[in-house]
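What follows draws every value from the coordinates through simple rules; no lab data is involved. Remember, it's a predicted structure, so these values are computed and weren't measured experimentally. Virtual Cβ from ideal backbone geometry, glycine too; neighbours counted across all protein chains shown.
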């Protein structure tokens, strides 16, 4: 390119403006939780064997990438093995990673490892599963998820759509899991005595396994001719089980649960032939990890810590009012992505290698 | 086993009628069918005095291959099914080689193979579930004469196993080798080859079960076979097949699968807490196994009562 003399100052001025604007944009895009100090970040998963975890991992990486002070993002998967979870925590710290976000699937068993790494000067943020201990003593901060809030949201919807009471079935994961207990507390705080649970207390055990869910649901449908609402804390595991209603020549009842693309598409295909099939979902909570990453990065880089340490899953779909969203289905993408997550649907599909 | 199952159904009819309603049976029978197929595979191995702990890996691998390779496209289902059979047959051959020819302990060898299979499952799926293709769902769940195809598959496999084991030369040799390998060797039969083949055919049956399981579960997990390991052994023992090897009871194995399935449906239908459900199942299982396994002390008592040592020796000899 051959620039003549009068044009040169103009070109230089334009280039300077572009650089200044880009720098200003970059500064504005840097979130407040991202401080100036450089750090390495790691996400330590207790169990990584499902699409939810894969998308959560990708969400954590996406969130960390917003902060230029984070120089690397590592991941480890304990594969449900407590001993490996403990060794992952210690080895990640030994490798010089300064900020650890830990999904403590093993519960309090990993607390001693977290405490020793925290006392060695690292930033430790366990999230979603309670590991015991105290913030500032055993770890930097615990970032929880309000499952009780989910229960309340579900209860409010049920109350609105079944004002005269309802017969409900509540399905959760393994026996004794605290998530189900908290959700039940949330439900009971909203619903009165004319709302009855048909399942054995506190919930039907499904292990979040689609095959077991199918067997449990078959038994419950057969036993109870009048189920108004099914409440489940893992919506996609219902998809295989709901066709059981056809075998009994009954309409699928209202479903109150967490979102999933396969569930949304199932509703689209079947709601016309099942007059009672209404759907209400809360976000499945992949973005819980973003709050945990923000806390860890803020503490490690000297940024501003978030206002809260409790993630509240927002309401996502409501087939009755269409607010905040109507039921969503992306039939061109895999069933096991979560359209409620901040991460784009296409990026999620890529994250689960499909 | 037939009597126990009949009694169970009568108990269900009286105390938990919902568990024997048409819809409930239609919903739960496919799972009994899956367990029956897996149980028949385990029976072949137990007949040779072995144990196959790679059930979970075999079933899960078939599930993962049948769902991940087609990735929702019906046209890719057939190659995926072929691939599943090839992979599980290789796993069975691996077990057979280690147990039949290298004489390794069956429990140790099959645990090792199971770990290898889980490695393959992770490599294919990354542990992430994939939705079933529509074609596979239709093959597994469409009904003929009111029964889902999965149930018909189980009955077909039962007939096949029954015919091969009880009516063919190779089947009769197979049972003889299981009952007394030393005598079979003395007769010139190829003991090791038969023992090894038991593991291959067992894995092929696990593969069928896995593919059908992928069909009846819309979005199966990558570890769908895990929950089948203990029931697979339980149905074989309940059916009366000796853990030391020998005669197998295919029909009883299938009925035992029906029994176990109905038992869990009964426990669910009664509506007791989860802890009580597992206790009911354990008690019924323990009772069932005790009926077959306990050696009632009738003859030893007669011997003890006999005062004359010569008479006692005669009794022992008889």
Label-reachable residues, region A:225-258, where backbone N falls under 15 Å from a point 7 Å from residue A:164's Cα toward its Cβ = A:228
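Taking neighbour counts of Cβ atoms within 10 Å as a proxy for exposure, in what order, fewest first, do A:159, A:98, A:323 appear?
Exposure proxy ranking, most exposed first: A:323, A:159, A:98.
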So for the protein assembly as shown, using the alpha carbon gyration tensor with a ≥ b ≥ c as root eigenvalues (a/c under 1.5 gives rounded; past that, a/b versus b/c decides prolate or oblate), I'd call it prolate
When DSSP beta bridges are limited to those with both residues in chain A, what percentage is antiparallel, rounded to the nearest 5?
-> 10 percent
Label-to-label distance, nm, for residues given as residue B:183 and residue B:143 (7 Å Cα→Cβ offset) | 4.9 nm
Evaluate E = 1/(1 + (r/R0)^6) for residue A:344 and residue A:196, where r is the Cβ-Cβ distance and R0 equals 60 Å; express this FRET efficiency to the nearest 0.05.
-> 0.90
Distance between region A:241-315 and region A:136-161 - C-alpha centres, whole angstrom = 13 Å
Compute the acute angle (0 to 90°) between the alpha-carbon long axis of helix A:51-64 and the principal axis of greatest extent of the alpha-carbon atoms of chain A; round to the nearest 10°.
-> 30 degrees
If R0 = 41 Å, then residue B:152 and residue A:84, at their Cβ-Cβ distance, give a FRET efficiency to the nearest 0.05 of 0.40
Note down the nm distance, to one decimal, between modelled labels 7 Å out along Cα→Cβ at residue A:273 and at residue B:71.
-> 2.9 nm
Final fewest-first order of A:52, B:152 on the 10 Å Cβ neighbour count is B:152, A:52
Footprinting proxy, B:278, B:113: sorted fewest to most Cβ within 10 Å, the residues are B:278, B:113
What length, rounded to one decimal in nm, is gained on full extension from residue A:321 through to residue A:32, with 0.36 nm per residue of separation minus their alpha-carbon distance?
-> 100.4 nm
Heads up, chain B by the C-alpha gyration tensor (a ≥ b ≥ c square roots of eigenvalues; a/c under 1.5 rounded, else a/b over b/c prolate, else oblate) looks oblate
Span from the region B:113-186 Cα centroid across to the region A:41-83 one, whole angstrom = 38 Å
Mean Cα-pair separation over length for region A:147-282, i.e. relative contact order, pairs under 8 Å, 6 or more apart, % = 25 percent
Taking Cα pairs under 8 Å and at least six residues apart, what relative contact order does region B:109-233 come out at, in percent?
-> 40 percent
Treating the angle as unsigned and between 0 and 90°, give the value, to the nearest 10°, between the Cα long axis of helix A:288-301 and the longest Cα principal axis of chain A.
-> 30 degrees
So how tilted is helix A:147-161 from the main axis of chain A? Cα-based, degrees 0 to 90, rounded to 10.
-> 50 degrees
Overall form of region A:147-282 per C-alpha gyration tensor (a/c, 1.5; a/b vs b/c) | rounded
